[in-house]
1. Calculated from DSSP H runs of 4 or more alone, at -39500 (n - 2.57) each and per residue, what is the 222 nm mean residue ellipticity of the chain, nearest 500?
2. Of the DSSP beta bridges with both residues in the range 84-171, give the percent that are antiparallel, rounding to the nearest 5.
3. Report the residue, chosen from Ile152, Ile74, Ile137, that carries the largest GNM mean-square fluctuation when the chain is represented by alpha-carbon nodes joined by springs under 10 Å.
4. Tell me which GluC sites (Glu not before Pro) from the range 100-191 have a DSSP coil assignment and no more than 15 other beta carbons within 10 Å of their own.
5. Roughly what % of Cα-Cα distances in the chain sit above 21 Å, to the whole percent?
6. Top mean-square fluctuation among Ser38, Ser148, Ser55, Gaussian network model of the chain, C-alpha springs under 10 Å?
7. 7 Å from Cα along Cα→Cβ at both Ser71 and Asp22: what's the point-to-point distance in nm?
8. Rounded to the nearest 5, what % of the DSSP beta bridges within the chain are antiparallel ones?
Amino acid sequence: MEIKPITTYTGKVVPLFHDNIDTDQIIPKVHLKRISKSGFGPFAFDEWRYLDDGSDNPDFNPNKPEYKDASILITGDNFGCGSSREHAAWAIKDYGFDIIIAGSYSDIFYMNCTKNAMLPIVLDEEARKHLAQSESITVDLPNQTVSSPDKIFTFDIDETWKNKLVKGLDDVAVTLQYEDEIKSYERAKNF
């Protein structure tokens with residue numbers, strides 16, 4: 001998966017205002033047979049997204065024409081609860097979402113997002129409902145703001161996660177920043 005830095009990001013929004021969307025609703029366990037991080041997007045929200053005949057469910061917001069190509073998901077409280085499957089973050093990323101704005105997250109899902117180049121933002125319900133009325137919004141990660149055409153909201157994020165997302169770094173890339181020190185240590189220990 002390519003890691004792209006997130007600095008200032010403008011994207012189309014889609015609201016999916018449900019609380020307690022769990023990882024099994026995000027990616028049902030029947031689709032967890034892949035061995036790579038990619039290819040899970042077509043199965044994201046599988047039971048809501050498709051009708052019994054396999055066609056798109058016209059009542060599922062992300063399927064509606066006005067939300068086509070949305071890359072920012074605005075949702076309810078306790079998003080990503082349930083099991084710790086990282087596949088849920090992979091599925092959402094592969095579906096095309098780079099940013100999720102929720103009232104709260106399961107701790108493990110939140111971390112899985114940051115490790116997979118997605119920005120999870122926590123905002124209160126009033127802010128989320130306001131932002132969901134816009135076709136697109138702008139997220140400024142360095143300044144920790146989310147802007148609609150008429151209002152700006154601020155959000156908190158841990159500096160470590162913010163730095164990784166702004167620089168487009170995954171855990172391996174962070175480790176490689178210390179490559180000279182690692183090699184020096186290995187030489188000293190005769191590895």
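The values are calculated or read from the model by the stated rules, or taken from the named source; none is laboratory data. Everything numeric here is computed off the predicted structure, so don't read it as measured data. Glycine gets a Cβ as well: all are built from the backbone with ideal geometry, and neighbour counts include every protein chain shown. Accessible surface is based on the protein model in full, side chains and every heavy atom, while ligands, DNA and RNA are left aside. Shrake-Rupley method; radii C 1.70, N 1.55, O 1.52, S 1.80 Å.
1. Details: 8 runs with 59 residues, N = 191.
For the chain, the value works out to -8000 deg cm²/dmol.
2. Values: 6 of 10 bridges.
Counting only bridges with both partners in the range 84-171, antiparallel ones make up about 60 percent.
3. Of Ile152, Ile74, Ile137, the Gaussian network model singles out Ile152 as fluctuating most.
4. Numbers: sites: Glu125, Glu126, Glu135, Glu159, Glu179, Glu181, Glu186; in loops: Glu135.
For GluC sites (Glu not before Pro) across the range 100-191 that sit outside H, G, I, E and B with at most 15 neighbouring Cβ atoms in 10 Å, the list reads Glu135.
5. Numbers: 9508 of 18145 pairs.
That tail contains 52 percent of the Cα-Cα pairs.
6. In the Gaussian network model the winner is Ser55.
7. The modelled label-to-label distance comes out at 3.2 nm.
8. Working: 12 of 25 bridges.
Approximately 50 percent, going by the DSSP bridge assignments.
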